[in-house]
Each structure stands twice: as structure tokens, then as C-alpha cells.
Amino acid sequence: MPGSRCSGSVRVAPALCLGGLFLPVAVLADGGAVAHADSGHTAWMLVATALVLLMTLPGLALFYGGMVRRKNVLATMTQTIAIAAVVTLTWCAVGYSLAMRPGSAFVGGLDRLFLDGLSLDSLSGGVPESVFAMFQLSFAIITTALVPGAFAERMKFPAVLLFAALWSVLVYAPVAHWVWAPDGWLALLGALDYAGGTVVHVNAGVAGLVCALYVGPRNGFGRQPMTPYNLALTLTGAALLWVGWFGFNAGSGLAADARAGMAMLATQLAAATAAVAWMGAEWLVRGRPSALGLVSGAVGGLVAVTPASGFVTPTSTLLIGALAGVGCYLGATVLKRALRCDDALDAFGIHGIGGMIGALLTGWLASPAIGGLRGDTLVQLAGICATLIYSGGMTLIVLMVIDRLVGLRVGERTESDGLDLSEHGEAIA
Amino acid sequence: MESDSVIYGLLGRIHLLMRRVSNRITDVEYMRVNKDYAREVVRLALATGNPELAELGARLRLAMELDAPVAKAAPAAERSGPGLLERLRTARPEATHPTQRYVGSLR
């Protein structure tokens, strides 16, 4: 366990290693000497952080930008990049402290407001706290940036910015604390979430579903074809997501060690298996495999293996990938039609469903030989339900507040003209 | 049922007239393979009130046997319902058709 690196004679916070994450710990090592960050772990975490940020900038921007109609491409990509900027500020101001610092079982303390107190000597496990805070920031960014996939092509830009600011603080930070902080109630209950199946994907997926239902469908949804602008952009974005996910999962142990290697292997196996599974299901049902289906399957597999990657064997990973590939395919097609909801880019169908599949399977398949822990499917289910209720409810409140403040939805004419021109005064050639 | 050449002749004329009379674009190939779509186009053609479209619609009904009764119910032994795969396939038969591919769903 990487927890062995947490030893020290003076600790400013508990050093419980759970889900592969640490709270800031020892400043002084045995004998009173100042403890230093492990250079190997730190180097890997710097790379992993850049990889996770690459998933959003430009991975997710390209992934989403390619799937919307030509008139909304710039607006969609702009939303992703703007969210990255806004969440960086909210994370610095209050998000990091609420999510990762010791506090109550439900939310962290306020001792790191505006990152006050974070110095060169602050450590988190074996790495500088600055690296830890930046790594966690990249998670907050991509989680928030996933949600607009559900309400793409119809929300006002100021509303998107407000949503990102409020949601990242009021929804993401508390849920991250529940699961990843040692004093979080789900962590104490024994919920396993190595890299964010519940915190990131179930959370963003259900928030997306609530947004899509509250904002309402796009004009012409279900009657007119909404042809994607350029799926080559989407494929490129998906490839960046796939590669960036190695930082997401293999970095979540905050260490460059064998478990990180196992998490990386699990990530690749699940992505590949799910891509093949989605492709097979689509081929069987529709008679041909689509490019979008292939990469959607890969993303579904990556989502599902996220909570499991540091806990399961490679063989289990194949099962997770296969079930996620078929499950996400059904989520983005059959379930979507059943819900009659314009989740435009399938944020819930892929991230919500994939996250739930992964979280449940982690409880069943977690191997003590890999992560040192056994899972409990009922506890995992409790984690999913709590996230569904809290994230769904708080997202609804956030939407209602924004609706009162600036309004959520663009006018019919604006929607018809496209957000690129009407919201940003620009257009692609 | 009439031969393909006769049917395509009717479909082509309906396509042209629909565009001219009501500015509506129809899909000739899809009409040929999907009787539900063809019936809907004939209904729209009649709704225009154009006499030539009405006549062509009536001829197409005969040529493609659009008014033929729905197939009889399956025998009791086969009445347990279609399998999952069949239900998935029929849930959205137009999912791979160029003009219908992105209606209501990206994937």
C-alpha cells in the first residue's frame, strides 16, 4: 500500500490511504527533519496532472465540439474551455478546501480558502500539496465540463459560467469529500472509488440528466435530424481522452508504483474491451459498426473502470469492459428513448450508466491482492444512491437559482441561428 | 405488386410534384423500401389537394400494395413475443438511414 509512505512523527492531518488518495500529511519526518517529497512520485504526478488536464483541454472540447451542429461548434468548445477557467478559480477560492481538507463527514474545512497556507513544504502523501491540489483541480474541471454535454446547443453562455461556478462548489466538492477525504462518510462506510466512478461520472451523469430535463429539448428534437458537425474531431477528442485517462486512473494512487502500473493496464483493457463490445452490439442490432459507436464504447469502458482500476485484477477488468460496452450502448440508445429526454451528447447514457456499472462491479470484483481491500456491493449501491439524490437535487436548485438570475435558455431565434453567432459573434468557415 | 421500374416512375413523379407543389423534399429510395413512409408521403400528397398528386398517390397505393391488410397474427406457438435482438432492431428501424440517422439520437 502506498500508505507506508505516510509515516512521520508529526502529522497535521490523518493519513488514511483510501481509494488511493491522501489528505495533506506529515511536514516533519522522524527525528524532526523536514520531510521531502519523493521526486519519483512527484515527477509522475506532474505528468499525470497534465494528462488529466489534456482530457479536457482539448480532449473533451474536441469530443463534444464534433458532435454538435455546425452552428454551435465554437460555442460548445468555448463552454468547455471557459468552464476550465472558472472552475480553476472556484477551486482555488473554496473548492479545494471544501473537498479535500479535514472537516466534517459531509464537507471539508475552510483552512485552505484561496489556498492559504499551502507552501513549498506542504506535503500530501509523497508529493507536494501543490501538485495534489492541481491534480484534484483537473478532476473538478473535467467533471464540471462533462455536464454541458446534456444541455448542449441551448443554454445561455452566462448561465453556463454561473452553473460551472456554483455546481463545482456546491455539488462536486461535497461529493468528492464524502468519498475521498478520510473523514468523508462514504469513505468511512467503506465505499471504493479509486479514481472517480461515483464522484466524477455518476455525479456528472445525473446532473446532466437533471439539466436536460429542466432546460427541455432542443427545438426540433425527435423530428429533425441533428447532424454532427465533424465526427473526426470527436474521434480525435476521444483518442485524447483515452490516453489522458492513464493519468486519471494510474495517477490516482499518487505514486509511481506497481499499483499505478496495474491501474494503467486495467484502463487500457477496459477501454479496448468496451470498444469491441459496443461495436459488436451495434453491428448486431444496426447491421454496421459506427465510428462514433466505437469511441463511445471506449469512453464507456474508461468510465466504468475508473472506480475499479486500483482494486481489480486484469481478468475482472475484461468483464467490466464488456458489461460497460453493452450497458452504455443500451443507455445511450434504448434508455435514452425510454426517458424521452434530450441528453444531447449522452452525458447520462455514457457517464451516468457507465459510472454506476463500474461502481457496482468494483464492489463485487475488488481483489485484496490488488488494492488490499474487499468491496461491498451494498455500500457501493449506497454511494450511488446518495450521489444520485444529492447531485440531482442540488443541481435542480442550482438551475432554479440561475434561471431566476440570468435565465437558462436562449431564445427560439437564437437557437435557430446557432450559439456561435448569437452568443459569441463568431462562426467557423 | 408492380415492377420496380413502374414504382420508381411513380415515386419520381411524386417526388418532383411534392417539391413543386408543397416545397417538401421526399426520399425516393426510402419510399421504395419502407411502406410506412410511402403511406405517409401519399397522405401528404393527398393533403395538398393537387389532382395530379392525388392520382399518382392512388396509383402508388395499388402499385406498392400499400392498402394490403396487416399480416395475420402469429400462431399461438410463436406468440411469446419477439426476442430482445428483434425488439432492439425494430425499435428504431430507420436508425441507419441517411435522412433519419440523427433524429432524436446521435448514437
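The values are calculated or read from the model by the stated rules, or taken from the named source; none is laboratory data. Just so it is clear, the structure is predicted and the values come from calculations on it, not from any experiment. Positions of Cβ are backbone-derived with ideal geometry, glycine not excepted, and every protein chain shown enters the neighbour counts. Only protein heavy atoms, including side chains, enter the accessible area calculation; ligands, DNA and RNA are left aside. Shrake-Rupley method; radii C 1.70, N 1.55, O 1.52, S 1.80 Å.
Is it fair to say A:I389 is within 28 Å of A:V171 (Cβ to Cβ) and surrounded by fewer than 15 Cβ atoms within 10 Å (Cβ to Cβ)? Explain how you work it out, then say what you get.
On the way: within 28 Å of A:V171 (Cβ to Cβ): yes; surrounded by fewer than 15 Cβ atoms within 10 Å (Cβ to Cβ): yes.
Judged against the criteria, A:I389 is a match.
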If you check A:L98 against the conditions, is it in contact (Cβ under 8 Å) with a residue 60 or more places away in the chain, of a type outside the set (K, R), touching a strand residue (DSSP E or B) at 6+ places or on another chain (Cβ under 9 Å) and open to solvent by less than 50 Å² (accessible area, probe 1.4 Å)? yes
Considering each residue of segment A:270-312, count those that are within 14 Å of chain B (Cβ to nearest Cβ) and of a type in the set (V, I, T), and give that number. 3
Test A:A382 against the criterion of being in contact (Cβ under 8 Å) with a residue 60 or more places away in the chain, open to solvent by 60 Å² or more (accessible area, probe 1.4 Å) and of a type in the set (G, A, S), and give yes or no. no
Which one is surrounded by the most Cβ atoms within 10 Å (Cβ to Cβ), of the residues in segment B:1-26 that are under 17 Å from B:A58 (Cβ atoms) and at pLDDT below 85? B:E2
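Take residues that are β-branched (V, I, T) and tell me which of the helices (runs of 4 or more DSSP H) falling wholly in segment A:314-403 contain 3 or more.
Numbers: elements: A:314-330, A:336-339, A:353-365, A:368-371.
Hits in segment A:314-403: A:314-330, A:353-365.
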Of the conditions (1) at pLDDT below 95; (2) open to solvent by 10 Å² or more (accessible area, probe 1.4 Å), A:S124 fails just one. Which one is it? (2)
Can you pull out every residue in segment A:296-318 that is surrounded by fewer than 24 Cβ atoms within 10 Å (Cβ to Cβ) and touching a Phe, Trp or Tyr at 6+ places or on another chain (Cβ under 9 Å)? A:S316
Helices (runs of 4 or more DSSP H) completely within segment A:39-94 that count 1 or more residues being under 25 Å from A:S122 (Cβ atoms): A:39-54, A:73-90
Would you check if A:F132 is part of a helix (DSSP H, G or I) and of a type in the set (F, W, Y)? yes
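Select, from B:E55, B:E86, B:E65, B:E29, the only residue that is within 30 Å of A:G293 (Cα to Cα), surrounded by fewer than 17 Cβ atoms within 10 Å (Cβ to Cβ) and either at pLDDT 85 or above or under 16 Å from the mean Cα position of the chain (by Cα) (or both).
On the way: B:E55 fails: within 30 Å of A:G293 (Cα to Cα); B:E86 fails: either at pLDDT 85 or above or under 16 Å from the mean Cα position of the chain (by Cα) (or both); B:E65 fails: within 30 Å of A:G293 (Cα to Cα).
Within the list B:E55, B:E86, B:E65, B:E29, the selection yields B:E29.
Which one of these is open to solvent by 10 Å² or more (accessible area, probe 1.4 Å), touching a residue at least 12 places away in the same chain (Cβ under 8 Å), away from every other protein chain (no Cβ under 14 Å) and not in a loop (DSSP other than H, G, I, E, B): A:T267, A:T236?
A:T236
Would it be correct to say that B:V33 is among the β-branched types (V, I, T) and out of contact with any helix residue (DSSP H, G or I) (no Cβ under 7 Å at 6 or more places or on another chain)? Reasoning before the result, please.
Values: among the β-branched types (V, I, T): yes; out of contact with any helix residue (DSSP H, G or I) (no Cβ under 7 Å at 6 or more places or on another chain): yes.
So B:V33 fits the description; yes.
One line per residue, one yes/no per condition, for (1) closer than 22 Å to A:G251 by Cα; (2) among the hydroxyl-bearing types (S, T, Y):
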{"residue": "A:P58", "(1), (2)": "yes, no"}
{"residue": "A:L74", "(1), (2)": "no, no"}
{"residue": "A:T80", "(1), (2)": "no, yes"}
{"residue": "A:Y96", "(1), (2)": "yes, yes"}
{"residue": "A:A105", "(1), (2)": "no, no"}
Options A:G363, A:G375, A:G321, A:G325: the member that is within 14 Å of chain B (Cβ to nearest Cβ), open to solvent by less than 60 Å² (accessible area, probe 1.4 Å) and among the small types (G, A, S): A:G325
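One line per residue, one yes/no per condition, for (1) surrounded by fewer than 24 Cβ atoms within 10 Å (Cβ to Cβ); (2) within 30 Å of A:A256 (Cα to Cα); (3) among the aliphatic types (A, V, I, L, M):
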{"residue": "A:S119", "(1), (2), (3)": "yes, yes, no"}
{"residue": "A:S130", "(1), (2), (3)": "yes, yes, no"}
{"residue": "A:I141", "(1), (2), (3)": "no, yes, yes"}
{"residue": "A:G149", "(1), (2), (3)": "no, no, no"}
{"residue": "A:S168", "(1), (2), (3)": "no, yes, no"}
{"residue": "A:A176", "(1), (2), (3)": "no, yes, yes"}
Out of A:G216, A:G244, A:G261, sole residue that is free of Cβ contacts under 8 Å to residues at least 24 places away in the same chain and away from chain B (no Cβ under 14 Å): A:G261
